[in-house]
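Colleague: This is the structure, below, for whatever I ask next.
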Amino acid sequence: MVDSTEEMSGAEMEQIKIIFNTLYLCIGYALRHVENREGAEAASDLKNNMLESLKSGDINMALLEETKTFDLVVSKIEELTWADT
């Protein structure tokens, strides 16, 4: 198992980026699904509850260990929108 991104080759890092971007798109898809089935308020509640759980460590305590990583993940979730434009 790789302990840090410095140990990864360029190809491995590209795969990690693809994985994270895919997961981010999946979260956006889930928010759109909730909005379509249960309404915009339910989607907003989901996003707000997810952010609260991220910030408190309820989803993954390891996120709290590195400020840079925490800021990146939280900012990406905060940017999520679900309304199709």
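The values are calculated or read from the model by the stated rules, or taken from the named source; none is laboratory data. Please read these numbers as outputs of a predicted model, since none were measured by experiment. Neighbour counts run over all protein chains shown; Cβ positions are idealised from the backbone, glycine included. Calculation scope for accessible area: heavy atoms of the full protein, side chains included, ligands and nucleic acids excluded. Shrake-Rupley method; radii C 1.70, N 1.55, O 1.52, S 1.80 Å.
Colleague: Apply the a/c threshold of 1.5 to the C-alpha gyration tensor of the chain and tell me whether it is rounded, prolate or oblate. Write out the running numbers ahead of the final one.
Modeller: Values: a/c = 3.02, a/b = 1.64, b/c = 1.84.
Here the chain falls in the oblate category.
Colleague: Please give the per residue accessible area of the chain, computed with a probe of 1.4 Å over protein heavy atoms only, in Å². It would help to have the intermediate numbers written out before the result.
Modeller: Working: 6520 Å² over 85 residues.
Accessible area per residue: 77 Å².
Colleague: In what sequence, highest mean first, do 63-70, 33-40 appear when ranked by Cβ atoms within 10 angstrom?
Modeller: Numbers: 63-70: 11.6, 33-40: 13.4.
Highest-to-lowest ranking by the protection proxy: 33-40, 63-70.
Colleague: Rounded to the nearest 20 Debye, what is the dipole magnitude of the chain about its Cα centre when Lys and Arg each give +1 and Asp and Glu each give -1 at the C-beta?
Modeller: Values: 7 positive and 17 negative charges, 54 e Å.
Value, rounded to 20: 260 debye.
Colleague: Follow-up. What is the helix-to-structure angle for 67-79, meaning the angle in degrees between its Cα long axis and the longest Cα principal axis of the chain, kept from 0 to 90 and rounded to the nearest 10?
Modeller: It is inclined by approximately 30 degrees.
Colleague: Can I ask one more? Assuming R0 = 22 Å, what is the FRET efficiency of Thr81 and Ala11, from their Cβ-Cβ distance, to the nearest 0.05?
Modeller: Numbers: r = 32 Å, r/R0 = 1.44.
FRET efficiency, Thr81 to Ala11: 0.10.
Colleague: Something else about it: In region 33-85, carbon and sulfur make up what percent of the accessible area (probe 1.4 Å)? Don't skip to the end; give the middle numbers.
Modeller: Numbers: 1840 of 3880 Å².
Using a 1.4 Å probe with all protein chains present, region 33-85 comes out at 47 percent carbon and sulfur.
Colleague: Under the rule of -39500 (n - 2.57) per DSSP H run of 4 or more residues, summed and divided by the residues of the chain, what mean residue ellipticity at 222 nm is obtained, to the nearest 500 deg cm²/dmol? Before the final figure, lay out each step's value.
Modeller: Numbers: 3 runs with 59 residues, N = 85.
Calculated from helices alone, the mean residue ellipticity at 222 nm is -24000 deg cm²/dmol.
Colleague: If one takes the longest principal axis of the Cα atoms in the chain, at what angle in degrees, from 0 to 90 and to the nearest 10, does the Cα axis of helix 40-56 lie?
Modeller: 30 degrees
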